[in-house]
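Here is the structure we will look at.
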Protein chains: 4
Amino acid sequence: MIYLNSDYTAGAHPSVMDALSATNLEHSVGYGLDPYTKEACSMIRRLTECPEAEIMLLVGGTQTNATAIDGVLRHHEGVLAADSGHIAVHEAGAIEASGHKVLTLPHTEGKLSAKDVERYITEFYADDTHDHMVAPGMLYISQPTEYGTIYSRQELEALSDVCRHHDMPLYIDGARLAYALTADGADFTLADIARLADMFYIGGTKAGALFGEALVVTRPRLVKNLFSLVKQHGALLAKGRLLGIQFSTLLRDGLYERIGRHAVTLAMRLRAALQEAGYDAVVDSPTNQQFFHLPNDLIDHLHMVASFDYWGPRGATHSTIRLVTSWATTPAEVDEFIAVLKDYTQR
Amino acid sequence: MIYLNSDYTAGAHPSVMDALSATNLEHSVGYGLDPYTKEACSMIRRLTECPEAEIMLLVGGTQTNATAIDGVLRHHEGVLAADSGHIAVHEAGAIEASGHKVLTLPHTEGKLSAKDVERYITEFYADDTHDHMVAPGMLYISQPTEYGTIYSRQELEALSDVCRHHDMPLYIDGARLAYALTADGADFTLADIARLADMFYIGGTKAGALFGEALVVTRPRLVKNLFSLVKQHGALLAKGRLLGIQFSTLLRDGLYERIGRHAVTLAMRLRAALQEAGYDAVVDSPTNQQFFHLPNDLIDHLHMVASFDYWGPRGATHSTIRLVTSWATTPAEVDEFIAVLKDYTQR
Amino acid sequence: MIYLNSDYTAGAHPSVMDALSATNLEHSVGYGLDPYTKEACSMIRRLTECPEAEIMLLVGGTQTNATAIDGVLRHHEGVLAADSGHIAVHEAGAIEASGHKVLTLPHTEGKLSAKDVERYITEFYADDTHDHMVAPGMLYISQPTEYGTIYSRQELEALSDVCRHHDMPLYIDGARLAYALTADGADFTLADIARLADMFYIGGTKAGALFGEALVVTRPRLVKNLFSLVKQHGALLAKGRLLGIQFSTLLRDGLYERIGRHAVTLAMRLRAALQEAGYDAVVDSPTNQQFFHLPNDLIDHLHMVASFDYWGPRGATHSTIRLVTSWATTPAEVDEFIAVLKDYTQR
Amino acid sequence: MIYLNSDYTAGAHPSVMDALSATNLEHSVGYGLDPYTKEACSMIRRLTECPEAEIMLLVGGTQTNATAIDGVLRHHEGVLAADSGHIAVHEAGAIEASGHKVLTLPHTEGKLSAKDVERYITEFYADDTHDHMVAPGMLYISQPTEYGTIYSRQELEALSDVCRHHDMPLYIDGARLAYALTADGADFTLADIARLADMFYIGGTKAGALFGEALVVTRPRLVKNLFSLVKQHGALLAKGRLLGIQFSTLLRDGLYERIGRHAVTLAMRLRAALQEAGYDAVVDSPTNQQFFHLPNDLIDHLHMVASFDYWGPRGATHSTIRLVTSWATTPAEVDEFIAVLKDYTQR
């Protein structure tokens, strides 16, 4: 069976697993004060070209988002996000549980435009009763988005400009950042992300780690007592070195980008084959997530060899599906998938 | 100057003020354990025909909503509301500050339909990932709505049926309930409200009290330790009898309805005069709030004699305004307003 | 019956009630933007000699404490208080409901010493694991304390020095501030309080108002968006002028101090009579609250003419009681109480 | 160097690491819906003799405590705990961040007595103003305690009886449960724990797992929608199977108890050697944590071969230290430690 359900169905990239095994019997101090975590943080400061960045390694995405947002917002402030944003939909109210409203804007293929953000802020403060409303205190975007699309460098710069003009921190959810950095046509680097955002995270769980997300605060003193905040959110791993070992492995010699590029290359092959066969992509995604409208009997046909997620009906005869590649996907598996597709279309 | 900005620009109805003055030098126990509060609660139990209702008298609307909603929801649940609902827009995140998400549905003239609520719930539980989402834990509606419109008894019954079918408490924000009960064409009583809702409040601040809202929990044991919850929300008035005195005055001999009817009658006269003069009501409101699109120079003209709120432009030449009547509005003031209107239209 | 249960068993001082009645039919804008509130705030800025003070008028003490503390603390911080402090015991968890821990220190007659506070802070930061603990983010004291005792100016200066040395705001709960300012031997003024605290409130509810507390933030920009925070805490009164009218009345021509002095004078007479009769005060309170250990049959004897609170047994034959005077207590009532006391002791 | 700082300084027990490596390339569904997690939960239901137990596997202790407590308490309720309890001291306010007060009782060697708990509850409800206070809504104890001591079965039964009598859930923090179950003189089983508690967790992080805690809710329907609550607390691991694999390994063929017994046996040897040499244990701990008062120069001497934690001075010449053993401690290391000790004492 070919697994294309998600990028976190397998364990860790073998290099990561090897590193964990190799260090297993060592002793080290807990809570991220160990040398491996220090090394990973140094690597991140170097790769982001941000020597003053404050970095914490956390276990998962929801806790990273909740901690980061809680660290920035005051009580009367909310976080502005696309109504398709992960924090607005799929985190079971984790942001609200910390007391913060998620203020939503309509999205285009998962993306927000600087113009819409600017208009929201302007209209908010133009309202006579804005003191009775939740003020936008920061902006949350995902790169890539929940639809697999990416913001170009110019789009990021425009969003960053609006945020800085209004003294509103920009936070980027990088759960799948590996695939944005290596996307077809990506025109930005990790250093660009660090320069344009005030805070972001480098996702590990969905890009080759067993688990782990590196929260990077690039604006000095944006979050007061980050360590205690992470602890309070229950997000401080006792054996913190497990995160340090994983991230230093991923970031050494470009493994993180190789993982991203591998998955993107295979996703592009899947996309090309489906488009060639005449099927419509839901959005034009240059990353490892592909959403397609397919005939229901083709879906049944593909399901004989591949496991992937069904996203709902599309009229009476078609449905939307999602295909996701990862480090664990092999070229041979993609070949087989395409062969089964061709077999169907040539019947 | 004729004040039509809101129903809370003056103090209290003279009978309420007299009652407060007459009892001012008496001593009584605090925190609502006094005889006046007990009397007011008895009157409410009788008028709602709900002898087992649990009742607390609070100071203001935002704290009443926050306390009531916090009392019902578990952490993983949110409150379903119209996206125009007061809790969704104008309470500065009070609901989220208690940890709860406001789940919004599009409204029609401020109202939600049972069909839309049913569909929301059905689709929510049909979603594979609903365990990762905030579950709808209760329904919030306003009667009348923020647009002055009212739900008919049949509409309330349909909403109540949906809620009970899904074991989801129905909460009615009655900040202006006086004007719904006495609206043109209202076909429900206070007892109907109590029977169809699981919890609601009888608004005092906007209907003749200096301040005060009577929270009525009609479903036994819906809220555990309501008294402590009110205290925790900072909503327990030390001299609680002030609330008891006001509500027992308002509810004695139908004063509350008289206040409502007085304001509605005057509002209907304003509406009729404006419609006769050819202007469009924004919505068809049978209560004390009237929203109209008027030419900007008519607005300027009216502003010479009357104070009222401007709600934003409507094209280049018109704007939306709101007129609100109350116990403090006099027939003579309405006559004068209409005369100035006629003076303008007959030029 | 002579009521000595509390200073909030009656309504408002007659001058306050008169002012509310006299303005009842006026119309004004809501939420504290009215001229009366502006006047009251100006008076407070003048009396505190703090022209840059930011002031909000709230309804009650618990909501004022919860709002003020929530406005200052970041999530990882707690508020340091005496273990007898009102916020630590009698506010139903209102501080924790906003996410903040109350860190308690043992008290002496309700008071904290600068030395103990300094030691707490020093030991906290000396602990290796302090990053895993709740940091002291502000200091809360009550003036007078819950036991009726007061801090001298020197004691306040010492506490203020410790707080400023550690950049930790000092907040003073002044629910009964009227009685501290006019206490026997008080050596501080309202301006001293404003100078030494970073934030405090002038209590109205327990000193002649129907209700109301004036929150005064004397350190510029200590609390961001105070207005919205008050709204979010459900503590923004719609008819805000009611608070403005009450405070401008209380603060005009020294009424607030006269109310304080009146109550303190009568309390001193009660204290002297009890001490003369050979009974022990629980603490040496120079304010309007007196705590005494009395024989149980004397308590029964006094209860025939006076209502007051029982605070628990003191051995087999005695109990602790509390006597509280206010503007509503008359010299004749105190004479009568003392006569009944003498009658008992001379039997 | 011999590491006796904690039981979480090394990675995972080799069997656990092997199991993770062996399954690394498999694909499985996320969020704990995989077969490994189901297997681990079945094993727990069998070992606890509680077929109806609801179980979730979480990553760490603080998040497990915060989630469990938040799932049980209503807003007006607090959690009763020893003032030495982990939640009261070392979780950076995680409980308060969810809105709940930690109500503390003095401890004896880290333990609470049923008598003290009963008295607290009785006195709480005897207080006239208890409605203004935070009600004790559940009891939290640690087994073993933070001092290494354990509750006997009889003590647990007494606590459980008090809790059930007052309808107050009993929650046991089992971060180091492995060492309590295998302690010298332990007279209870895992099934006893499950029978006497309403909720507890089986700690993995400190007993051979890389990370992981198994939260076991033995009272049916105690926590509503546990899955969503875990997600909301940011405690739902994407690759949930990692927890399932670890717990099924630990619980298979008694590995968990073997890990516990190994560490306890070595701890008992350390204790015997120190006592034989004439030093005082701080408390009489039968588990893997030993606290001793030692002369400062002995501490320096031992530090040449061993790493362990310093817990503060004990007079001018002595200090308190903590020694902790684990699966990673070897008999040879303990031999060496004892040899160095003897070398010092025989000088």
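Quick one: how many residues across segment C:65-101 are farther than 22 Å from A:Glu77 by Cα, surrounded by fewer than 24 Cβ atoms within 10 Å (Cβ to Cβ) and of a type in the set (A, V, I, L, M)?
Count: 2.
Suppose we filter segment C:275-305 for residues that are within 27 Å of C:Ala186 (Cβ to Cβ) and touching a helix residue (DSSP H, G or I) at 6+ places or on another chain (Cβ under 7 Å); how many remain?
6
Of (1) more than 10 Å from chain A (Cβ to nearest Cβ); (2) under 22 Å from D:Ala328 (Cα atoms), D:Pro220 satisfies all except one. Which?
Result: D:Pro220 passes all but (2).
So D:Met56 clears everything in (1) buried (at least 24 other Cβ atoms within 10 Å of the Cβ); (2) modelled with pLDDT under 90; (3) of a type in the set (A, V, I, L, M, F, W, C); (4) out of contact with any Ser or Thr (no Cβ under 7 Å at 6 or more places or on another chain) except one condition, right? Which one?
(2)
Does C:Leu255 satisfy the criteria of being outside any helix (DSSP H, G or I), of a type outside the set (Val, Ile, Thr) and at negative phi?
On the way: outside any helix (DSSP H, G or I): no; of a type outside the set (Val, Ile, Thr): yes; at negative phi: yes.
In short, no.
Starting from segment A:144-168, take each residue that is closer than 24 Å to A:Pro286 by Cβ and list its partners that are part of a helix (DSSP H, G or I) and among the hydroxyl-bearing types (Ser, Thr, Tyr), counting only C-beta distances under 9 angstrom and pairs at least six apart or across chains.
Final answer for the pair search is A:Pro144/A:Tyr179; A:Gly148/A:Tyr179; A:Ile150/A:Tyr179.
Just the residues that are at the interface with chain D (Cβ under 7 Å from one of its Cβ atoms) and either among the aliphatic types (A, V, I, L, M) or in contact with a strand residue (DSSP E or B) (Cβ under 7 Å, 6 or more places away or on another chain) (or both), please, taken from segment A:7-19.
A:Thr9, A:Ala10, A:Ala12, A:Met17
Could you pull out the residue among C:Leu242, C:Leu250, C:Leu237 that is under 17 Å from the mean Cα position of the chain (by Cα), under 30 Å from B:Ala10 (Cβ atoms) and touching a residue at least 40 places away in the same chain (Cβ under 8 Å)? If you could, list the steps in order and put the result at the bottom.
Working: C:Leu242 fails: under 17 Å from the mean Cα position of the chain (by Cα); C:Leu237 fails: under 17 Å from the mean Cα position of the chain (by Cα).
Being under 17 Å from the mean Cα position of the chain (by Cα), under 30 Å from B:Ala10 (Cβ atoms) and touching a residue at least 40 places away in the same chain (Cβ under 8 Å) holds for just one of C:Leu242, C:Leu250, C:Leu237, which is C:Leu250.
Please find, among A:Leu33, A:Leu25, the residue that is more than 9 Å from chain D (Cβ to nearest Cβ) and either part of a loop (DSSP other than H, G, I, E, B) or over 22 Å from A:Tyr201 (Cα atoms) (or both).
Numbers: A:Leu25 fails: more than 9 Å from chain D (Cβ to nearest Cβ).
The unique qualifying residue is A:Leu33.
Given the criterion among the acidic types (Asp, Glu), closer than 23 Å to A:Gly71 by Cα and surrounded by 24 or more Cβ atoms within 10 Å (Cβ to Cβ), identify the matching residue among A:Asp161, A:Asp167, A:Asp173, A:Asp131. Break it down into steps so the answer makes sense when it comes.
On the way: A:Asp161 fails: surrounded by 24 or more Cβ atoms within 10 Å (Cβ to Cβ); A:Asp167 fails: surrounded by 24 or more Cβ atoms within 10 Å (Cβ to Cβ); A:Asp131 fails: surrounded by 24 or more Cβ atoms within 10 Å (Cβ to Cβ).
A:Asp173 is the lone residue from the list that is among the acidic types (Asp, Glu), closer than 23 Å to A:Gly71 by Cα and surrounded by 24 or more Cβ atoms within 10 Å (Cβ to Cβ).
Does segment B:174-195 contain at least one residue that is under 16 Å from B:Ala114 (Cα atoms) and in contact with a helix residue (DSSP H, G or I) (Cβ under 7 Å, 6 or more places away or on another chain)?
Looking through segment B:174-195, none of the residues is under 16 Å from B:Ala114 (Cα atoms) and in contact with a helix residue (DSSP H, G or I) (Cβ under 7 Å, 6 or more places away or on another chain).
Among the residues of segment B:318-335, is there at least one that is touching an Asp or Glu at 6+ places or on another chain (Cβ under 6 Å) and away from every other protein chain (no Cβ under 14 Å)?
No, the conditions are met nowhere in segment B:318-335.
Can you name every residue in segment D:108-141 that is in a strand (DSSP E or B) and without any contact (Cβ under 8 Å) to a residue 60 or more places away in the chain? Outline the logic, then answer.
Here is the first cut: in segment D:108-141, the ones in a strand (DSSP E or B) are D:108, D:111, D:135-141.
The answer is D:Thr108, D:Lys111, D:Ala135, D:Pro136.
Evaluate the following for C:Thr287: is it among the hydroxyl-bearing types (Ser, Thr, Tyr), surrounded by fewer than 19 Cβ atoms within 10 Å (Cβ to Cβ) and away from every other protein chain (no Cβ under 13 Å)? Explain how you work it out, then say what you get.
On the way: among the hydroxyl-bearing types (Ser, Thr, Tyr): yes; surrounded by fewer than 19 Cβ atoms within 10 Å (Cβ to Cβ): no; away from every other protein chain (no Cβ under 13 Å): yes.
It is false that C:Thr287 is among the hydroxyl-bearing types (Ser, Thr, Tyr), surrounded by fewer than 19 Cβ atoms within 10 Å (Cβ to Cβ) and away from every other protein chain (no Cβ under 13 Å).
Does C:Glu96 qualify as being out of contact with any Cys (no Cβ under 9 Å at 6 or more places or on another chain) and in contact (Cβ under 8 Å) with a residue 60 or more places away in the chain? Don't jump to the end; show me each part of the working.
Numbers: out of contact with any Cys (no Cβ under 9 Å at 6 or more places or on another chain): yes; in contact (Cβ under 8 Å) with a residue 60 or more places away in the chain: no.
The answer is no for C:Glu96.
Which one is farthest from C:Leu210 (Cα to Cα) among residues in segment C:320-347 that are under 26 Å from the mean Cα position of the chain (by Cα) and part of a loop (DSSP other than H, G, I, E, B)?
Result: C:Thr330.
Given the criteria crowded, with 24+ Cβ neighbours inside 10 Å, at the interface with chain C (Cβ under 8 Å from one of its Cβ atoms) and closer than 27 Å to B:Met199 by Cα, does B:Thr62 qualify?
Values: crowded, with 24+ Cβ neighbours inside 10 Å: yes; at the interface with chain C (Cβ under 8 Å from one of its Cβ atoms): yes; closer than 27 Å to B:Met199 by Cα: yes.
For B:Thr62, the condition - crowded, with 24+ Cβ neighbours inside 10 Å, at the interface with chain C (Cβ under 8 Å from one of its Cβ atoms) and closer than 27 Å to B:Met199 by Cα - is met.
Over 17 Å from C:Gly203 (Cα atoms) and either more than 9 Å from chain B (Cβ to nearest Cβ) or of a type in the set (Asp, Glu) (or both), is that true of C:Tyr3?
In short, no.
In segment C:182-196, which residues are surrounded by 24 or more Cβ atoms within 10 Å (Cβ to Cβ) and touching a Gly at 6+ places or on another chain (Cβ under 6 Å)?
Matches in segment C:182-196: none.
Filter segment C:224-252 for residues that are outside any helix (DSSP H, G or I) and closer than 22 Å to B:Thr64 by Cβ; which is farthest from the other protein chains (Cβ to nearest Cβ)?
Filtering segment C:224-252 for residues outside any helix (DSSP H, G or I) gives C:224-225, C:233-240.
Retained after the next criterion (residues that are closer than 22 Å to B:Thr64 by Cβ): C:233-240.
Values: C:His233: 6, C:Gly234: 3, C:Ala235: 6, C:Leu236: 7, C:Leu237: 6, C:Ala238: 5, C:Lys239: 6, C:Gly240: 10 Å.
Checked segment C:224-252; the qualifying residue farthest from the other protein chains (Cβ to nearest Cβ) is C:Gly240.
I'm trying to understand the selection: among the residues of segment A:320-347, which are under 29 Å from A:Glu257 (Cα atoms) and loosely packed, with under 15 Cβ neighbours inside 10 Å?
Answer for segment A:320-347, where residues must be under 29 Å from A:Glu257 (Cα atoms) and loosely packed, with under 15 Cβ neighbours inside 10 Å: A:Thr330, A:Pro331, A:Ala332, A:Asp335, A:Glu336, A:Ala339.
Please specify each residue of segment C:292-319 satisfying the condition of being surrounded by fewer than 17 Cβ atoms within 10 Å (Cβ to Cβ), without any contact (Cβ under 8 Å) to a residue 60 or more places away in the chain and within 22 Å of the chain's Cα centre (by Cα).
C:Tyr310, C:Trp311
Considering only segment A:73-132, state which residues are within 11 Å of another protein chain (Cβ to nearest Cβ) and hydroxyl-bearing (Ser, Thr, Tyr).
A:Ser98, A:Thr104, A:Thr129
Taking segment B:144-186, which residues are closer than 16 Å to B:Val217 by Cα and not in a helix (DSSP H, G or I)?
Across segment B:144-186, the qualifying residues are B:Asp167, B:Met168, B:Pro169, B:Leu170, B:Tyr171, B:Ile172, B:Asp173, B:Gly174, B:Ala175.
I need the full set of residues from segment A:1-38 which are acidic (Asp, Glu) and crowded, with 17+ Cβ neighbours inside 10 Å, in order please. Break it down stepwise before answering.
Initial filter on segment A:1-38 (acidic (Asp, Glu)): A:7, A:18, A:26, A:34.
Hits for segment A:1-38 are A:Asp7, A:Asp34.
Taking segment C:42-85 on its own, how many of its residues are free of Cβ contacts under 8 Å to residues at least 24 places away in the same chain, touching a helix residue (DSSP H, G or I) at 6+ places or on another chain (Cβ under 8 Å) and either part of a helix (DSSP H, G or I) or polar (S, T, N, Q) (or both)? It would help to see each step written out before you state the result.
Of all residues in segment C:42-85, those free of Cβ contacts under 8 Å to residues at least 24 places away in the same chain come to C:42, C:45-46, C:51.
Pick out the ones that are also touching a helix residue (DSSP H, G or I) at 6+ places or on another chain (Cβ under 8 Å) and you get C:51.
Among the residues that remain, those that are also either part of a helix (DSSP H, G or I) or polar (S, T, N, Q) (or both) are: none.
Total satisfying the criteria: 0.
Looking at C:Phe200, is it in a strand (DSSP E or B) and of a type outside the set (D, E, K, R)?
Numbers: in a strand (DSSP E or B): yes; of a type outside the set (D, E, K, R): yes.
When the stated conditions are applied, C:Phe200 passes them.
The values are calculated or read from the model by the stated rules, or taken from the named source; none is laboratory data. Remember, it's a predicted structure, so these values are computed and weren't measured experimentally. For neighbour counting, all protein chains shown are included, and Cβ atoms are generated from backbone atoms with ideal geometry for every residue, glycine included.
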